[in-house]
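The values are calculated or read from the model by the stated rules, or taken from the named source; none is laboratory data. In this text the structure is predicted, and so the values were computed from the model without any measurement. Here the Cβ positions follow ideal geometry from the backbone for every residue, glycine too, while neighbour counts run over all protein chains shown.
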Amino acid sequence: MQEYVLRTHQLTKQYGKQIALDHADMTVRKGAIYGFIGQNGAGKSTLMKLVTGLAFPTSGSVELFGAASGSELVQARRRMGVSIESPALYPQLTAAENLEAHRLQQGVPGRDSVRRTLELVGLSGTGRKKARAFSLGMKQRLALGVALLGQPELLILDEPTNGLDPMGVVEMRELLTRLNRESGITILISSHILSELHLLATHYGIIHQGRLLEQLTSRELQERCRQFIHIKVNLPERAAVVLERELATREFEVAADGSIRLYAHLDRPAAVASALVAGGLELEQLMPIGEDLESYFASRIGGGNHA
Amino acid sequence: MLNLLRSESYKLLRNRSLWLLAAVLAASGIAYVLMAYYDESNGGGTLSAVSGLDLLAMAMGGNNYVIKIGLCVLAGFFISSEYSAGTIKRGAASGYGRSRFIAAKLLVFIGGSALVSLIFPAVIFALGSALMGVGELPGGASAADYAWRSLLVTITLSAAFAAVTGAVATALTDSGKTIGALFVFYFFADGLYGMIGKFIPFVETMYRHSIFHLINTYADPAMGSAQLAQSIYVPLLVAAAFVGIGIAVFERKEIR
């Protein structure tokens with residue numbers, strides 16, 4: 001039987017006449033890394049705020065660790081760590097002091113937990129430097145540290161890789177993966193860097209204009225992302241003729257730059273190459289490619305390119 | 001609740017505006033006493049006509065502004081800044097009830113405010129008494145009674161103003177708006193009550209029992225026991241009411 005950490009039931013949020021979230025039914029399974037994908041203003045942060053209790057639903061409900069209402073739901077929120085929108089830090093405090101304030105609030109025993117958390121997020125060398133002097137990347141890491149301090153079972157992270165340099169992104173991804181695998185922490189993460197989610201998430205939710213369009217596992221996503229063979233030759237028009245005559249397929253597209261996407265014979269790239277060469281073409285590139293998350297996402301929301 | 005109070009106290013004690021305010025008040029108190037000491041026609045000293053009690057009475061009058069202005073600034077930086085920095089989200093999503101979270105914040109703010117409000121009169125009375133003697137009150141009233149009574153009423157009134165300020169800061173969320181709105185309100189409250197009281201007698205009666213009137217008379221050495229009692233229970237009731245209002249506002253507030 002699947003154990004759910006978070007479920008929303010017909011969750012709706014309306015600001016005036018604008019519907020920010022429209023009857024969303026989200027399910028996050030225990031141990032999952034749930035990648036939450038959507039354009040700016042799609043409703044990702046709204047849903048996260050409703051789950052964390054920062055905003056109140058117009059209708060529908062949130063179920064967290066099986067608790068759906070009242071003080072049980074409030075107490076269930078102690079089992080989660082949160083970083084929503086910009087990193088929420090006390091600018092006049094150091095990294096250690098920020099963590100200490102949160103440790104006292106959460107009643108986490110032992111001051112050593114502050115030192116361990118600083119090491120975990122790579123901020124143990126920041127000393128007396130105040131959080132206001134931190135780079136955005138350092139602030140993101142400290143916000144993650146704060147979220148992790150109470151040893152949460154569920155981490156809710158809104159765009160946690162914003163402002164991180166490429167190495168920082170890799171480190172963040174590795175850290176989240178490790179926390180998920182070694183500590184069993186369930187993670188709900190939103191990001192506009194879809195390729196990042198692709199490398200991290202085990203489950204996905206696609207939201208657009210307040211509506212949760214689809215939820216799927218990474219395996220299901222792989223199956224649905226369209227595969228093709230990318231071909232680059234010296235004479236694309238002739239290659240099209242060869243593909244039609246020799247391989248008996250019209251399942252291909254010739255792009256403006258002359259590259260060809262072949263959607264058939266995906267398991268026979270060598271045969272495709274032989275046919276093209278035998279047809280007198282100079283083969284420059286031939287490689288199997290899967291449609292990435294961005295393309296799939298764009299097709300689901302109806303053609304947009306940016307999450 | 002204890003965890004929340006500890007966390008809020010930790011943050012308040014590391015709030016730069018608190019220490020800056022405390023340092024300015026202490027320095028002002030010292031400067032005030034030294035100026036009074038050296039400004040005497042006989043060159044100062046223990047023969048001075050001004051005593052620690054006289055200075056305390058004067059300091060209480062000036063402390064009126066400290067309680068009003070100082071606490072607005074402190075609220076701006078301690079409560080409203082939580083919204084601008086986004087840290088209020090951490091608290092509201094921390095798994096404590098919203099009422100407990102904001103109650104802890106307001107209680108710590110009130111406690112800190114009361115201590116800050118004591119600095120100016122306490123420094124002046126202590127230093128003034130050391131340099132010029134404690135002095136005597138007219139009619140042979142007890143100097144010790146006046147001193148503790150003054151400090152007690154300072155605490156209750158500053159608690160009341162802090163609670164009002166804290167509730168407004170919770171509602172307005174923006175430090176600039178909080179400081180600005182309360183500055184205007186506190187400075188015009190007396191005139192406003194007076195003006196409306198001319199037309200509506202009940203408002204005049206209400207004003208006479210309000211913290212705005214009490215703070216104008218709280219330094220009176222001739223204060224009777226009835227007025228003393230009123231200067232204690234009215235501010236405490238106001239503080240309790242506005243902590244309740246602050247909680248009610250925060251319970252219903254969407255945090256963006």
Selection from the range A:61-93 of residues closer than 17 Å to residue A:29 by Cα, of a type outside the set (A, V, I, L, M) and within 10 Å of chain B (Cβ to nearest Cβ) yields A:77, A:79, A:81
Would you mind finding the one in B:116, B:73, B:153 that is of a type in the set (Val, Ile, Thr), more than 20 Å from residue B:183 (Cβ to Cβ) and touching a helix residue (DSSP H, G or I) at 6+ places or on another chain (Cβ under 8 Å)? B:153
So which helices (runs of 4 or more DSSP H) are wholly in the range B:70-183 and hold at least 3 residues that are among the aliphatic types (A, V, I, L, M) and within 14 Å of chain A (Cβ to nearest Cβ)? B:98-132
Count - residues of the range A:74-133 that are surrounded by fewer than 18 Cβ atoms within 10 Å (Cβ to Cβ), within 13 Å of residue A:150 (Cα to Cα) and free of Cβ contacts under 8 Å to residues at least 24 places away in the same chain: 6
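Yes/no per residue for (1) out of contact with any Ser or Thr (no Cβ under 7 Å at 6 or more places or on another chain); (2) of a type in the set (Lys, Arg):
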{"residue": "A:107", "(1), (2)": "yes, no"}
{"residue": "A:129", "(1), (2)": "no, yes"}
{"residue": "A:149", "(1), (2)": "no, no"}
{"residue": "A:168", "(1), (2)": "yes, no"}
Could you check the range A:47-60 and list, in sequence order, the residues that are on the phi > 0 side of the Ramachandran plot and either within 14 Å of chain B (Cβ to nearest Cβ) or of a type in the set (Lys, Arg) (or both)? A:53
For the range A:178-201, what are the residues that are within 20 Å of residue A:51 (Cα to Cα) and of a type in the set (Ser, Thr, Tyr)? A:186, A:190, A:191
Name the residue, out of B:162, B:147, that is in contact (Cβ under 8 Å) with a residue 12 or more places away in the chain and over 29 Å from residue B:76 (Cα atoms). B:147
Single condition residue A:97 does not satisfy, out of (1) more than 7 Å from chain B (Cβ to nearest Cβ); (2) at pLDDT 90 or above: (1)
Taking the condition in contact with a Phe, Trp or Tyr (Cβ under 9 Å, 6 or more places away or on another chain), surrounded by fewer than 14 Cβ atoms within 10 Å (Cβ to Cβ) and modelled with pLDDT under 90, does residue A:253 pass? yes
Filter result (farther than 21 Å from residue B:234 by Cα, buried (at least 23 other Cβ atoms within 10 Å of the Cβ) and of a type in the set (A, V, I, L, M, F, W, C)) within the range B:120-166: B:120, B:124, B:125, B:132
From A:268, A:300, A:261, which residue is among the charged types (D, E, K, R) and either exposed (fewer than 14 other Cβ atoms within 10 Å of the Cβ) or without any contact (Cβ under 8 Å) to a residue 24 or more places away in the chain (or both)? A:268
Kindly list, by first and then second residue, each pair from a residue in the range B:173-185 that is among the acidic types (Asp, Glu) to a residue that is assigned to a helix (DSSP H, G or I), limited to pairs with Cβ atoms under 9 Å and residues at least 6 apart or on different chains. B:174/B:76; B:174/B:80; B:174/B:83; B:174/B:84
Select from the range B:7-51 the residues that are part of a helix (DSSP H, G or I), more than 17 Å from residue B:115 (Cβ to Cβ) and not hydrophobic (A, V, I, L, M, F, W, C) and write down the one among them that is modelled with the highest pLDDT. B:7
Can you tell me which residue among A:147, A:143 is closer than 24 Å to residue A:47 by Cβ, touching a Gly at 6+ places or on another chain (Cβ under 6 Å) and assigned by TED's automatic domain parsing to the domain that holds residue A:33? A:147
Count, please, the residues in the range A:114-141 that happen to be more than 16 Å from residue A:179 (Cα to Cα) and touching a Lys or Arg at 6+ places or on another chain (Cβ under 8 Å). 4
So which of A:190, A:195 is small (Gly, Ala, Ser), touching a helix residue (DSSP H, G or I) at 6+ places or on another chain (Cβ under 6 Å) and closer than 30 Å to residue A:82 by Cα? A:190
Among the residues of the range B:59-90 satisfying the criterion of being surrounded by fewer than 23 Cβ atoms within 10 Å (Cβ to Cβ) and free of Cβ contacts under 8 Å to residues at least 40 places away in the same chain, which is nearest to the chain's Cα centre (by Cα)? B:65
Filtered residues of the range A:19-46 (kept if at negative phi, within 14 Å of chain B (Cβ to nearest Cβ) and out of contact with any Lys or Arg (no Cβ under 8 Å at 6 or more places or on another chain)): A:45
Among (1) over 17 Å from the mean Cα position of the chain (by Cα); (2) modelled with pLDDT under 80; (3) of a type in the set (Phe, Trp, Tyr), the one test that residue B:183 misses: (1)
Quick check on my filter: what residues within the range A:6-22 are farther than 26 Å from residue A:72 by Cβ, in contact (Cβ under 8 Å) with a residue 12 or more places away in the chain and of a type in the set (D, E, K, R)? A:22
